[in-house]
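Trainee: Have a look at this one.
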Amino acid sequence: MKETLNEKLLKNIKRDTITNLPYFDNFCMIAENVLAKEDDRYHIVASDISNFKLINKNYGFSQGDILLNKLIKDFCMDNERCVVATRIYSDHIVGLFITDESDETVVERVTKFNSKFINENQKDYPIVPIHIHSGIYKITSNDGHITNYIDRANMARKAAKGHYKINCVEYSEVLLKEQERVAEVLTVLEENIRNKEIVVLLQPKVNIKSQKVVGAEALSRLKDSDGNTISPGEFIPILEKTGKILDLDKYVIKYVFAMMKRWYESGYKDIVVSVNLSRIHFYTDDIAEEIIKGYEKLNIPPSLVEFEVTESVFLRDTDMVIEKIGKLREYGFKVSIDDFGSGYSSLNLISILPIDIVKLDKGFIDTSLDTKRGKDIMGGLIKMLKDVDLDIVCEGIETKEVEEVVYKFGCNEVQGYLHDKPISIEEFERKYL
Ligand code: C2E
Ligand code: MG
Ligand code: MG
């Protein structure tokens with residue numbers, strides 16, 4: 001193998017036996033020495049192979065090592081811009097590179113490099129989709145520790161992972177701000193849970209014919225220490241990414257169960273309350289058993305509780321998800337599919353999913369009502385869903401006219417600002433119980 005990695009720098013340096021790269025400590029030492037002499041001509045690239053675990057699992061460790069070493073050969077060994085590189089762990093590699101191009105060109109070159117590498121190697125691992133993600137940090141002045149630069153490149157690498165089409169991201173202040181906000185939101189969540197301060201609101205669901213409130217959806221809000229509200233649009237993606245959504249949902253479930261017990265004992269026995277369940281539960285937890293165990297103690301009918309799941313829950317591990325949802329339903333809870341029509345809706349799903357209710361998405365309803373054809377499709381869809389005994393709730397209804405149209409199509413229940421926004425439990429009790 002031709003080695004352009006600076007051999008002089010690596011003399012007498014101990015190397016990782018699998019990759020022949022210097023160990024992390026030695027990498028840092030060498031990089032710091034280089035930067036101490038000249039500090040404005042370098043950038044760090046951090047890369048990793050997604051699904052590397054699956055490659056090892058499906059093709060064996062030796063095949064995994066072959067792929068990793070091919071990447072290392074192209075990434076640094078045969079790359080004359082590379083000064084020194086190391087493997088942080090597993091498939092995570094980091095290199096110090098000479099910058100002789102503009103920032104955009106560097107990003108473009110790494111992006112192309114990643115795509116080319118995948119194109120050339122995917123055929124050898126046909127059952128595991130390979131992705132490479134990279135983050136770049138340009139060292140503008142050597143005023144920190146090399147590990148800080150690596151952290152920034154890694155922060156950019158993680159940002160690249162969140163995108164479908166982008167495989168390389170350059171570190172920026174915006175990214176840092178985003179990261180800080182993520183940390184802030186997670187701290188607020190933790191504090192809100194500890195101090196039992198998560199705000200749980202209820203939005204009524206109304207029977208169109210009787211105009212009576214027949215149910216409610218529980219929707220949560222976080223409150224920071226200044227009293228500012230953080231809305232689900234911001235915190236749900238963060239909590240889903242970090243897995244913390246499990247803690248939030250469990251809190252909301254416990255909270256709602258306690259409220260239902262109170263209502264039941266006070267004689268309010270016919271309001272069905274729904275809770276949103278993130279898809280993350282179905283991949284990681286024994287959520288069905290846990291929920292049932294918590295509810296059993298209450299001694300109230302399970303038919304008063306509904307769980308809302310979005311259709312994206314069924315994109316992965318469909319059998320396992322169906323089994324868990326089946327357990328919830330067997331116990332007597334209702335399950336609805338939320339935001340139907342907003343994303344990947346497949347009619348095919350409806351025929352295999354064990355659900356009771358379909359909630360039609362606001363966006364879907366609004367765009368459908370714009371055209372004659374859209375209206376026909378929505379009318380047909382509602383009829384079809386009713387024919388297979390599914391209940392339908394139309395979400396985001398803001399005007400009487402839209403309510404009338406969906407009622408004519410056969411929908412009996414709506415939720416939306418026309419009737420009320422999400423309100424506090426006290427206000428809900430005062431207005432509707
Ligand atoms: P969702 O479950 O589809 O809830 C309905 C959302 O639509 C709510 O937004 C509600 O305030 C809003 N909405 C209701 N009626 C109208 C209307 O007439 N017009 C308009 N423009 N909007 C209306 P919210 O409360 O901001 O929640 C957003 C999403 O966040 C929810 O969508 C749900 O998917 C998620 N979410 C909220 N709380 C939780 C939670 O505790 N756990 C989980 N896993 N997800 C939650
Ligand atoms: Mg919902
Ligand atoms: Mg919805």
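Values quoted throughout were computed directly from the atomic coordinates according to the rules given, and no laboratory measurement underlies them. In this text the structure is predicted, and so the values were computed from the model without any measurement. All Cβ positions, even for glycine, are placed from backbone atoms using ideal geometry, and neighbour counts span all protein chains on display.
Trainee: Which chymotrypsin sites (Phe, Trp or Tyr not before Pro) in region 302-332 sit in a loop by DSSP (not H, G, I, E or B) and have at most 11 other Cβ atoms within 10 Å of their own Cβ?
Mentor: Within region 302-332, no chymotrypsin sites (Phe, Trp or Tyr not before Pro) qualify (loop, at most 11 other Cβ atoms within 10 Å).
Trainee: Related question: Using alpha carbon centroids, what distance separates region 356-377 and region 271-346, in Å?
Mentor: Their Cα centres are 24 Å away from one another.
Trainee: May I ask you to order 51-60, 350-359 by the average number of other C-beta atoms within 10 Å around their residues, highest value first?
Mentor: 350-359, 51-60
Trainee: Would you work out if region 300-433 is rounded, prolate or oblate? Take a ≥ b ≥ c from the square roots of the eigenvalues of the alpha-carbon gyration tensor; rounded if a/c is under 1.5, else prolate when a/b is larger than b/c, oblate otherwise.
Mentor: Since a/c reaches 1.5 but b/c is at least a/b, the shape of region 300-433 is classed as oblate.
Trainee: Moving on to the next point. Would you mind checking the radius of gyration and Dmax of region 201-299 based on alpha-carbon positions, in Å?
Mentor: 15.3, 44
Trainee: What percentages, rounded to whole numbers, describe P(r) for region 86-147 computed over all alpha carbon pairs with 10 Å bin width beginning at zero?
Mentor: For region 86-147, the binned pair fractions read 16, 42, 31, 9, 2 percent.
Trainee: Measure nothing but the geometry: give the 0 to 90° angle between the long axis through the Cα atoms of 24-37 and the longest principal axis through the Cα atoms of the chain, rounded to 10°.
Mentor: Roughly 70 degrees, rounded to the nearest 10.
Trainee: Angle, helix 146-161 long axis vs. longest principal axis of the chain, Cα atoms, 0 to 90°, nearest 10?
Mentor: 40
Trainee: Further question: If you restrict to DSSP beta bridges whose two residues both lie in the chain, what percentage is antiparallel, to the nearest 5?
Mentor: 60
Trainee: With springs connecting C-alpha atoms under 10 Å apart, model the chain as a Gaussian network and identify which of His43, His419, His145 has the largest mean-square fluctuation.
Mentor: Sorting by GNM fluctuation, first place goes to His145.
Trainee: Which number do you get for Rg(Cα) / (2.2 N^0.38 Å) in the chain?
Mentor: 1.23
Trainee: In Å, what Rg and Dmax follow from the Cα atoms of region 181-432?
Mentor: Calculated on Cα positions, Rg and Dmax stand at 18.0, 52 Å.
Trainee: For region 181-432, what relative contact order do you get, as a whole percent, if you take Cα pairs closer than 8 Å and at least 6 residues apart?
Mentor: 19
Trainee: Among the listed pairs Lys57/Lys158; Lys205/Lys408; Lys261/Lys334; Lys359/Lys431; Lys73/Lys177; Lys362/Lys386, which have their C-alpha atoms separated by more than 28 angstrom in this model?
Mentor: Pairs exceeding 28 Å: Lys73/Lys177.
Trainee: Express in nm, to one decimal, how much length is gained between Asp78 and Leu186 on full extension, taking 0.36 nm for each residue of separation and deducting their alpha carbon distance.
Mentor: That works out to 34.7 nm of additional length.
Trainee: Hey, another quick one. Could you compute Rg(Cα) / (2.2 N^0.38 Å) for region 7-171, with N its residue count?
Mentor: Region 7-171 yields a ratio of 1.00.
Trainee: On to the next question. Which residue, Lys400, Lys244, Lys383, tops the fluctuation ranking in a GNM of the chain built on C-alpha contacts under 10 Å?
Mentor: Lys400
Trainee: Moving to a separate point now. For the chain, give me every cysteine whose Cβ has no other Cys Cβ within less than 4.7 Å, ordered by residue number.
Mentor: Within the chain, the cysteines lacking a partner Cβ under 4.7 Å are Cys28, Cys168, Cys394, Cys411.
Trainee: Which loop-located chymotrypsin sites (Phe, Trp or Tyr not before Pro) does region 369-433 contain, where loop means any DSSP state but H, G, I, E or B and the Cβ has at most 14 other Cβ atoms within 10 Å?
Mentor: Passing sites in region 369-433 are Tyr417.
Trainee: Would you compute, from DSSP H runs of 4+ residues alone, the mean residue ellipticity of the chain at 222 nm, taking -39500 (n - 2.57) per run and dividing by the full residue count, rounded to the nearest 500?
Mentor: -14500 deg cm²/dmol
Trainee: Over region 50-154, what is the mean sequence separation of C-alpha contacts under 8 Å (at least six apart), divided by residue count, expressed as relative contact order in percent?
Mentor: Taking the mean separation of contacting Cα pairs over the length of region 50-154, I get 24 percent.
Trainee: Further, regarding this structure: Stretched out fully, how many nm does the piece from Asn348 to Arg109 gain, at 0.36 nm a residue minus the Cα gap?
Mentor: Roughly 81.8 nm would be gained on extension.
Trainee: Mind giving me the nanometre distance, one decimal, between the label points for Ile193 and Lys177, set 7 Å out from Cα along Cα→Cβ?
Mentor: Roughly 2.9 nm, to one decimal.
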